[in-house]
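A quick write-up on the structure given underneath.
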Amino acid sequence: PADVDFRLRLESDKTRFQLGEIISVELLYAVTSPEKYSLNRRPPSSSEFMVEPVEGTRDPRRGLPVSVGMAGIDWMAALGPKAETVRRDLNEWVRFDGPGRYRITALSRRVWPKSSPAPLELKSNTVEVEILPADPAWQAAALKQAITVLETVLPGGTSEAMQQRRAAARTIRFLDTPAAVRQCVRWFRA
């Protein structure tokens, strides 16, 4: 609908990323008719990403069971002219296996007309990223830094400490190197 605005943007101004680096994106939702729409902020399965070219990428969720998001009144937010932002790590949906320039478009089923039992299917603008060739020195440094956080920041601490641990674990998870896989196994229970 003409009164709904859905945009995709990179969380930072950065457009060049190392192979295995986390790429954070923002999905922005706004409407000019605030009384007509709500935003379901909760289920991650209500967003997906299309990447061109497809060669050099894969879906890390392929073969996993599909999670069914459940809408709830506490998850719904009224939409208005001020953009509501949903942050996601693109790496959850797309794994880049090689260097290149890629165009990314988001699809969303998060906006619900108040007069409809089903969400709208929205397509965003396209953003472009460049994935750099694998840099073993960068990968080793990123892995070392993440391990340091997991070894020094104690679990069960402040929410900031827990966020640091989660970020370190995600860094290891997305690096996709043999050394990172060994660390995933090591830290799995933690």
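The values are calculated or read from the model by the stated rules, or taken from the named source; none is laboratory data. Please read these numbers as outputs of a predicted model, since none were measured by experiment. Cβ placement follows ideal geometry from the backbone for every residue including glycine, while neighbour counts extend to all protein chains displayed. Protein only, heavy atoms only, side chains kept; ligands, DNA and RNA dropped before computing areas. Shrake-Rupley method; radii C 1.70, N 1.55, O 1.52, S 1.80 Å.
Tabulated values for the structure
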quantity: Some residue of region 75-86 being farther than 11 Å from Glu48 by Cα, of a type outside the set (D, E, K, R), at pLDDT 95 or above and not in a loop (DSSP other than H, G, I, E, B); calculated: no
quantity: Single unsatisfied condition, Gly20 versus (1) modelled with pLDDT of 90 or more; (2) part of a loop (DSSP other than H, G, I, E, B); (3) out of contact with any helix residue (DSSP H, G or I) (no Cβ under 8 Å at 6 or more places or on another chain); calculated: (3)
quantity: Hey, Leu39 surrounded by 18 or more Cβ atoms within 10 Å (Cβ to Cβ), touching a Leu at 6+ places or on another chain (Cβ under 9 Å) and modelled with pLDDT of 95 or more or not; calculated: no
quantity: Residues being closer than 15 Å to Arg182 by Cα and among the small types (Gly, Ala, Ser) - total across region 133-155; calculated: 3
quantity: Residues that are in a strand (DSSP E or B) and either aliphatic (A, V, I, L, M) or modelled with pLDDT of 95 or more (or both), drawn from region 50-65; calculated: Met50, Val51, Glu52
quantity: Scan of region 81-118 for residues that are touching a helix residue (DSSP H, G or I) at 6+ places or on another chain (Cβ under 7 Å), farther than 25 Å from Pro60 by Cα and surrounded by 15 or more Cβ atoms within 10 Å (Cβ to Cβ), ordered by number; calculated: Pro113
quantity: Residues being within 23 Å of Met76 (Cβ to Cβ) and open to solvent by less than 10 Å² (accessible area, probe 1.4 Å) - total across region 1-25; calculated: 2
